[in-house]
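A quick write-up on the structure given underneath.
The values are calculated or read from the model by the stated rules, or taken from the named source; none is laboratory data. Since the structure is predicted, the reported quantities are computational estimates derived from the model, not experimental observations. No Cβ is skipped: glycine too gets one built from the backbone with ideal geometry, and neighbour counts run over all protein chains shown. Just the protein is used for accessible areas: all its heavy atoms, side chains included, with ligands, DNA and RNA removed. Shrake-Rupley method; radii C 1.70, N 1.55, O 1.52, S 1.80 Å.
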Amino acid sequence: MLKESKRSSPMDILDPNEDTEWNDALRDFGIIPPKEEEKDEIEEMVLKMQEEASVKPYEKMTLEALKEAEDTFQEEERAIEIYRRKRMQELKSLQKRQIFGELLEIPGNVYVKEVTCAQADVWVVIHLYRSSIPMCNLLNYHLEKLARKFPGTKFLKAVVDSCVRNYEDHCLPTIFIYRNGQIEGSFIGAEQCGGTSLSLEELEWKLAEVGAIKSDLEEDPKKTIVDMMMSSVKKSNQWKWPEHPNK
């Protein structure tokens, strides 16, 4: 007698990955596991290519090939290190150039801190003045413009009476130029500072000669004016009065 075959239940013929409402209901009750998501072949390929790209070339090289390329690797490392150092120097230089940019007023009690003990290798131009002296006001006007043009140089001004007692008017204006705590140059009195007709370019040239700024002027503006005046004088001397008709 043949045995009666066992009747198959729906669970026996169930495909858990089949997309049906029945399977969705069974998944909600936890009877069957979640549906396996099909992998996108293109996505897998992209991920594989990204992984391969992230592997450094020498990681796939043989020992012999690595030995042959050793000098190249060392040169690349040195080049990267040199680039890194130069980049750091450029950033530091840029930061230093952008520190200032204006003519700052300081009281006498911070003279040592702001001038004598200023940052290393920074040029400091300090103008001692009295507002009652027109030449001092002219200098402050020019210095404000130069401070904006040369932000790497520290431009300061101070009322002379807050720094020095009984300073004579004939010594004003006074400009001192410092670097690393030492006076590198000075202009004392109106004549040394350039006179009451001092131009912005003339003051720029004077400071550049000391080294406080790096000017793009090619020659002393005052010399150019003098040369033009001398040329005019020579031309006038070459001109002759017409002779008297009776001679």
**OP:** Could you list all residues from the stretch 158-190 that are in a strand (DSSP E or B) and within 29 Å of the chain's Cα centre (by Cα)?
**Re:** A158, I175, F176, I177, Y178, R179, Q182, I183, E184, G185
Original post:
Restricting attention to the stretch 142-174, which residues are of a type outside the set (K, R), at pLDDT 95 or above, closer than 18 Å to A212 by Cα and open to solvent by 30 Å² or more (accessible area, probe 1.4 Å)?
Top reply: E144
Original post:
Quick check: anything in the stretch 223-236 open to solvent by 40 Å² or more (accessible area, probe 1.4 Å), under 30 Å from S132 (Cβ atoms), modelled with pLDDT under 95 and of a type in the set (A, V, I, L, M)?
Top reply: yes
**OP:** Six or more apart or on different chains, Cβ under 6 Å: which pairs go from a residue in the stretch 158-175 that's without any contact (Cβ under 8 Å) to a residue 60 or more places away in the chain and of a type outside the set (D, E, K, R) to one that's open to solvent by 60 Å² or more (accessible area, probe 1.4 Å) and outside any strand (DSSP E or B)? Could you list them?
**Re:** S162/P107
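Just give me the residues in the stretch 112-134 being in a loop (DSSP other than H, G, I, E, B) and either among the aromatic types (F, W, Y) or under 20 Å from G185 (Cα atoms) (or both), in sequence order. Full working, then the answer.
Within the stretch 112-134, the first condition is being in a loop (DSSP other than H, G, I, E, B), and the residues that meet it are 117-122, 130-133.
Within the stretch 112-134, C117, A118, Q119, A120, D121, V122 meet the criteria.
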Subject >> Members of the stretch 118-134 found to be open to solvent by 10 Å² or more (accessible area, probe 1.4 Å) and either modelled with pLDDT of 95 or more or within 13 Å of F100 (Cα to Cα) (or both), listed by number >> reply: A118, Q119, W123, Y129, R130, S131, S132, I133, P134
**OP:** Return the total of residues in the stretch 191-216 being under 15 Å from P134 (Cα atoms), assigned to a helix (DSSP H, G or I) and open to solvent by 20 Å² or more (accessible area, probe 1.4 Å).
**Re:** 1
Subject >> Sole exception among (1) exposed (fewer than 15 other Cβ atoms within 10 Å of the Cβ); (2) in a helix (DSSP H, G or I); (3) under 30 Å from the mean Cα position of the chain (by Cα) for N137, by number >> reply: (3)
**OP:** Can you tell me which residue within the stretch 91-111, out of those that are part of a helix (DSSP H, G or I) and modelled with pLDDT under 70, is least open to solvent (accessible area, probe 1.4 Å)?
**Re:** S93
